[in-house]
Amino acid sequence: MGRRWGQGVGGVIVALPLTSGPVAFFLVLEHGPAFAARAALGSMAGALAQGLFCLGYAALAARGWPLAFAGSTAAFAVTGLVLQRLALRLGPLTGVVAVGLAFALLAMPPGEETRRPTPLPPWDIPARMIVATALVLSLTAAAATLGPRLSGLLATFPVYAGILAVFAHAQAGPGPATRALRGLLAGLFSFAAFFVVIAALIERLGIGPAFVAAFVTTLALQALALVVIREPPAVSA
């Protein structure tokens, strides 16, 4: 979809909790609802850390993707650790994340869009699946040692978005990479909302209703993000 509709739409799609959602599910099964609720707070902090990842990448994109990726990863880590130390409760953390993402989206440059197809190597999709599966399994296994908030935070590292941005950058330059990450930023509101719902409902309603409510909320906000980020196709004269 990203190659058909542009990098921005691709960024919105990878904002879905494709890795952190399964981690949250397995944390409920292994450690119970209270642990999963606290891990969801860590994942909410991770949403804002991803926002700083996007800004860091955009700020360094002109210097090449290796430096941009390293700098954005550092921005993610610093933001996550600061929020980890603050240990805000659900209400204040929701406000901080929402305001922080709004400012990040306003500060994010639009980036240059391109309709030129970006060829991907044949190992791209298998590699993503392997990395995501390894992350889910390792975080679930290490959750008792890491604690709920840190487990939730680490689960949100933007694996898919990072790959999307780096390939767009390598194949078509910094503009399309920035465009993809701007799409990610637009989608992070729905990502954060997923974990707001989990944190608020998992202990009261249980695993089934909480996850259904979280997915419905996320998909509704994702649809809105797609409307906001998608540009209409150019009309030929």
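Annotation: of all residues in segment 170-215 being of a type in the set (Val, Ile, Thr) and without any contact (Cβ under 8 Å) to a residue 40 or more places away in the chain, the one that is farthest from residue 90 (Cα to Cα) is 212. In segment 10-37, the residues that are over 13 Å from residue 158 (Cα atoms) and of a type in the set (A, V, I, L, M) form Cβ pairs under 9 Å with partners that are part of a loop (DSSP other than H, G, I, E, B) and at pLDDT below 85, at six or more places apart or across chains, as follows: 23/17; 23/155; 24/17; 24/155; 27/155. Note on segment 199-237: residues that are surrounded by fewer than 18 Cβ atoms within 10 Å (Cβ to Cβ), modelled with pLDDT of 90 or more and small (Gly, Ala, Ser) amount to 3. From the list 152, 183, the lone residue that is touching a helix residue (DSSP H, G or I) at 6+ places or on another chain (Cβ under 6 Å), in a helix (DSSP H, G or I), at pLDDT 70 or above and closer than 14 Å to residue 21 by Cα is 152.
For residue 99, the test of being assigned to a helix (DSSP H, G or I), at pLDDT below 75 and at negative phi is failed. Figure legend. Inter-residue proximity from segment 60-76: first residues within 22 Å of residue 47 (Cα to Cα), second residues assigned to a helix (DSSP H, G or I) and aromatic (Phe, Trp, Tyr), beta-carbon distance below 6 Å, spacing 6+ or different chains. Indicated pairs: 68/57; 72/53; 72/57; 75/53; 76/53. You will find that of 36, 68, 104, 74, the residue that is under 23 Å from residue 213 (Cβ atoms), assigned to a helix (DSSP H, G or I), modelled with pLDDT of 90 or more and not polar (S, T, N, Q) is 36 and no other.
The values are calculated or read from the model by the stated rules, or taken from the named source; none is laboratory data. It should be emphasised that the depicted structure is a prediction, and the values quoted were computed from it without experimental measurement. Cβ atoms come from the backbone with ideal geometry, glycine included; neighbour counts cover every protein chain shown.
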